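First up is the structure itself, then whatever we jot down about it.
The values are calculated or read from the model by the stated rules, or taken from the named source; none is laboratory data. The shown structure was predicted, so the numbers you read here are calculated from the model rather than taken from an experiment. Note: ideal-geometry Cβ built from the backbone for every residue, glycine included; neighbour counts use all protein chains shown.
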Amino acid sequence: MVGIKDTMLFIYVKRGRQHMQGTEKTEGITLDEIRERFSQDRFATVNGAVIDAVDEGYAQCSMQLTETHRNALGAVMGGAIFTLADFAFAVASNWNKSPQVSLNASINFLGRAKGDKLIARAQKIKEGRTTCYYEVKVSDESGNQVAHMTSGGFVL
């Protein structure tokens, strides 16, 4: 059924923590409401980035890969990988707090993506009054790490 995932409640445990997935409420906000808010991040969403889960200082986003995401050699374009990583940073750092914008980002491409899906997991490392620092790991659907990004942000 189309859309059934968005109406069901999914909770999964990672490293002993529960992350919000499905329609569970965290701080009075559902994941569907968070998805609606970030649907305005058009470049990422038009290119297929979706929000899978959120938690305090954390977001997991994914992207189904199509031919549009591939370069002339058939590999996933670095820009597609960076877009997903940047989107995960944006969601993790903004879904439940004051607006934060990226000050810098550094990405290292570690290997070729296999399969048809990328998964980015953004985790807060440090957050102060005016700046924040996040780590984003991007892997393919088999769990092979494809890229590692760090991003610093400024709290507006």
Do the conditions hold for residue 62, that is, is it of a type outside the set (Phe, Trp, Tyr), assigned to a loop (DSSP other than H, G, I, E, B) and at pLDDT 95 or above?
no
Return the only residue of 29, 51, 4 being more than 17 Å from residue 117 (Cβ to Cβ), at pLDDT 50 or above and of a type in the set (Val, Ile, Thr).
29
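Matching residues to (1) at pLDDT 95 or above; (2) surrounded by fewer than 16 Cβ atoms within 10 Å (Cβ to Cβ); (3) in a strand (DSSP E or B):
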position	(1), (2), (3)
93	yes, no, no
98	no, yes, no
103	yes, yes, yes
107	yes, no, yes
113	yes, no, no
119	yes, no, yes
125	yes, yes, yes
133	yes, no, yes
138	yes, no, yes
Testing residue 109 on (1) farther than 13 Å from residue 51 by Cα; (2) in contact (Cβ under 8 Å) with a residue 40 or more places away in the chain, one condition comes back false. Which one is that?
(2)
Looking at (1) β-branched (Val, Ile, Thr); (2) at pLDDT below 95; (3) closer than 30 Å to residue 67 by Cα, which one does residue 146 not meet, given that it meets all the others?
(2)
Could you grab me the full set of residues in segment 61-83 that are under 10 Å from the mean Cα position of the chain (by Cα) and either under 13 Å from residue 140 (Cα atoms) or loosely packed, with under 15 Cβ neighbours inside 10 Å (or both)?
61, 62, 63
Given (1) more than 12 Å from the chain's Cα centre (by Cα); (2) under 21 Å from residue 39 (Cβ atoms); (3) small (Gly, Ala, Ser); (4) outside any strand (DSSP E or B), number of the condition residue 143 does not satisfy
(2)
Could you check segment 140-156 and list, in sequence order, the residues that are surrounded by 19 or more Cβ atoms within 10 Å (Cβ to Cβ) and either free of Cβ contacts under 8 Å to residues at least 12 places away in the same chain or among the polar types (S, T, N, Q) (or both)?
151
Residue, surrounded by the fewest Cβ atoms within 10 Å (Cβ to Cβ), within segment 37-57, restricted to residues that are closer than 16 Å to residue 121 by Cβ and β-branched (Val, Ile, Thr)
50
